[in-house]
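A short worksheet on the structure shown next.
The values are calculated or read from the model by the stated rules, or taken from the named source; none is laboratory data. A quick note: this is a predicted structure, and the numbers were derived from the prediction, not measured. Here the Cβ positions follow ideal geometry from the backbone for every residue, glycine too, while neighbour counts run over all protein chains shown.
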Amino acid sequence: MVKYLNTSRTINNTLLRSSRVVLGLLLCSAAIQADDIGQDEVLELVEQGRIAPLQQFIDDALLRYPGRFLSAELEADDGRYVYEIEVITRERVVMELEYDALSGELLEVEEDD
């Protein structure tokens, strides 16, 4: 029974992590399309090394503010790409973190109202 529970927990954690990545990519591509940047261009930007993959920013945000991933957007801002990541902490506070999408530098942190 213990072995089954551990296996089940591992599968659930894997599925949860995978669903976060898929959700993040979908939200990111929706936000990018709003700025007239298509999914193909996003893939090109990552492949060309002009932006880093979204997952590293989600991971960093959750390390800083443990909780759950809520959403992500990629925006062009003054000639550079910026990821906006929202997480909800264990204390149920929504935090928005902005990162330079190329360097990974954390640019701003705000508590969302």
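State yes or no: is PHE57 surrounded by 16 or more Cβ atoms within 10 Å (Cβ to Cβ), of a type in the set (Phe, Trp, Tyr) and part of a helix (DSSP H, G or I)? Taking the combined requirement at face value, the residue satisfies it.
The set of residues in segment 86-112 that are exposed (fewer than 12 other Cβ atoms within 10 Å of the Cβ) and in a loop (DSSP other than H, G, I, E, B) comprises ARG90, GLU91, ARG92, SER103, GLU105, ASP112. Inspect all residues belonging to segment 75-86 and state whether any of them is at pLDDT below 90 and among the hydrophobic types (A, V, I, L, M, F, W, C). Looking for residues that are at pLDDT below 90 and among the hydrophobic types (A, V, I, L, M, F, W, C), one finds at least one in segment 75-86, hence yes.
What number of residues within segment 65-85 satisfy the criterion of being buried (at least 16 other Cβ atoms within 10 Å of the Cβ) and either in contact with a Pro (Cβ under 8 Å, 6 or more places away or on another chain) or closer than 20 Å to VAL42 by Cα (or both)?
Step one: list which residues in segment 65-85 are buried (at least 16 other Cβ atoms within 10 Å of the Cβ), which gives 65, 67, 69-75, 81-85.
From the residues that got through so far, the ones that are either in contact with a Pro (Cβ under 8 Å, 6 or more places away or on another chain) or closer than 20 Å to VAL42 by Cα (or both) too are 71-75, 81-85.
Residues that pass the stated criteria total 10.
Of the residues examined, LEU62 is one that is modelled with pLDDT of 60 or more, in contact with a strand residue (DSSP E or B) (Cβ under 7 Å, 6 or more places away or on another chain) and surrounded by 12 or more Cβ atoms within 10 Å (Cβ to Cβ).
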